[in-house]
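First the structure, in the form of structure tokens, and then the observations on it.
The values are calculated or read from the model by the stated rules, or taken from the named source; none is laboratory data. Computed from a predicted structure; not experimentally measured. Quick reminder, even Gly has a Cβ in these numbers, built from the backbone with ideal geometry, and neighbours come from all protein chains shown. When the accessible area is computed, the model is the full protein with side chains, heavy atoms only, and any ligands, DNA or RNA have been set aside. Shrake-Rupley method; radii C 1.70, N 1.55, O 1.52, S 1.80 Å.
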Amino acid sequence: MEELKNKNTQYLSSIGIDVPEDLPQIESLNEVEPRTAQDIAGRLSALAYVIGLGFGARGEDLLEQLNKYNLMPYVSGYERELLSQDIIGEQDKIDMSWLAECAQALAWCIGLVDLDHFKHCDDDLAQKIPFKSNPEEFIQESQLRPIAEIQEQSDLLYRLHWYVRNCGLTGQECELSEEVISERRRAIDWAYGVEKDWDAVPMDT
């Protein structure tokens, strides 16, 4: 884990992003319970609907689709609450719209997309996820990237998250979006198995 930490720290330095060498290591594989490709594909399929809350879709309509395709087990507690409300707050809408970056990260975990943290999610991301069609085959046939790649991404995003927060605190110019980095970190850490509960994935830096 120290070798991974040093590798990512040196890589970030090479692209002009300096993070402290004494930042801690992330959890090792024997400390986590990685998700299966099916867990990740199921969650991704559910997000295709939940994200709609951020763009004016009615929770009632989304729930109908989620139940129809047996995707409710992949919906978080916070999201269930929002889906059951007639009206949701503006901040909740914003939070739900940012789930698109979580979807990009989960799609990367099962090899559907690339990850470029200097860019927002792919314009055609939605076309790669089942929507208003049965996702069963998509879920069952999904395959996970090597866990070492997900582990490396988890470590990288932790260090990037420290960097963007520090930029905000110090007024330093930053080409990265904290929302993009934090949402992708949440998704990758959930996939890596840092925390089972999506709503409780730690975001400390």
Within the group Asp114, Asp92, which residue is over 13 Å from the mean Cα position of the chain (by Cα) and open to solvent by 80 Å² or more (accessible area, probe 1.4 Å)? Asp114
Return yes when Ala200 is of a type in the set (Gly, Ala, Ser) and under 15 Å from the mean Cα position of the chain (by Cα) and no when it is not. yes
Out of the residues in the range 31-58 that are outside any helix (DSSP H, G or I) and charged (D, E, K, R), which is surrounded by the fewest Cβ atoms within 10 Å (Cβ to Cβ)? Glu33
Restricted to the range 165-197, and to residues that are of a type in the set (Lys, Arg) and part of a helix (DSSP H, G or I), which residue is farthest from Pro24 (Cα to Cα)? Arg184
How many residues does the range 137-164 hold that are in a helix (DSSP H, G or I), without any contact (Cβ under 8 Å) to a residue 24 or more places away in the chain and open to solvent by 40 Å² or more (accessible area, probe 1.4 Å)? 4
Surrounded by fewer than 16 Cβ atoms within 10 Å (Cβ to Cβ) and polar (S, T, N, Q): does that describe Ser28? yes
Are any residues in the range 8-30 part of a helix (DSSP H, G or I) and touching a residue at least 12 places away in the same chain (Cβ under 8 Å), and if so, which ones? Asn8, Thr9, Tyr11, Leu12, Leu29
Scan the range 75-82 and tell me whether some residue there is under 16 Å from Trp198 (Cα atoms), assigned to a helix (DSSP H, G or I), in contact (Cβ under 8 Å) with a residue 40 or more places away in the chain and open to solvent by 20 Å² or more (accessible area, probe 1.4 Å). yes
